[in-house]
1. Sort 85, 30 so that the residue with the fewest other Cβ atoms within 10 Å of its own Cβ comes first and the one with the most comes last.
2. Could you pull the Rg and Dmax for the range 3-106, using just the Cα atoms, both in Å?
3. Excluding residue 91 itself, what net charge comes from residues whose Cβ is under 11 Å from its Cβ, given Lys and Arg +1 and Asp and Glu -1?
4. Arrange 41, 96 by Cβ neighbour counts within 10 Å, fewest through most, would you?
5. If we count other beta carbons within 10 Å of each Cβ, what is the order of 44, 87, fewest first?
Amino acid sequence: MVEAELVALASSGAATLVGLMVSDAWTEVKDGIARMLARGRATEQVAYDLDVSRTELLQAGGSRDGQLVAAVEGVWCARLQSLLKAEPALAEDLRRLLTAGDMPESRPLRAVHNVIAGGVQHGPVIQAGRVSRLTFHLPKPP
C-alpha cells in the first residue's frame, strides 16, 4: 500500500471511529471494531483502549471539544497506520467499516412499540432509531 493511501485510510478510519464512539451505535459496533483492530490478539486491551477514548470524549461533551476530538483522532490515526503497516489485510476490513454496508444504519432495527394517547394528532408522529430518505406529505388539518 502506498504511504499516502495508508495515511488517508488511517485518517478516515480514525475519524469514523471517533464519530462512532460518540454515537448511540457505539455499543453495537464496539466489540466488532475491537476484534478487527486486535487481529486475534489482545482484544480485551483494544476494547479497553477504545473505552478510554470514548470516556474522554463523552466527559468533554462529545464532538463539541474540537481539540480533544482532533487529539483522539490523532492517536487512533497513528495506531491505525501502525496496524496497517503490520497487517496489510486490515486495509480491506477498514474500507468495509468506512462503507455504509457495515455501518449500524444497515443493520436491522429492534422492534419499536409506540402508544400515543391524550389528544388528536393531525400529522405523522414519529419515534425511530433511524429515519432517512423519507418524504412526508401531511394532510391538511380538518
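1. Ordered from fewest to most neighbouring Cβ atoms within 10 Å, 85, 30 come out as 85, 30.
2. 12.8, 35
3. Around residue 91, the surrounding residues sum to -1.
4. 41, 96
5. Exposure proxy ranking, most exposed first: 44, 87.
Any read-out appearing in this document is the output of simple, stated calculations on the displayed coordinates, not a laboratory observation. If you're wondering where the values come from, they're calculated on a predicted model, not measured in any experiment. Quick reminder, even Gly has a Cβ in these numbers, built from the backbone with ideal geometry, and neighbours come from all protein chains shown.
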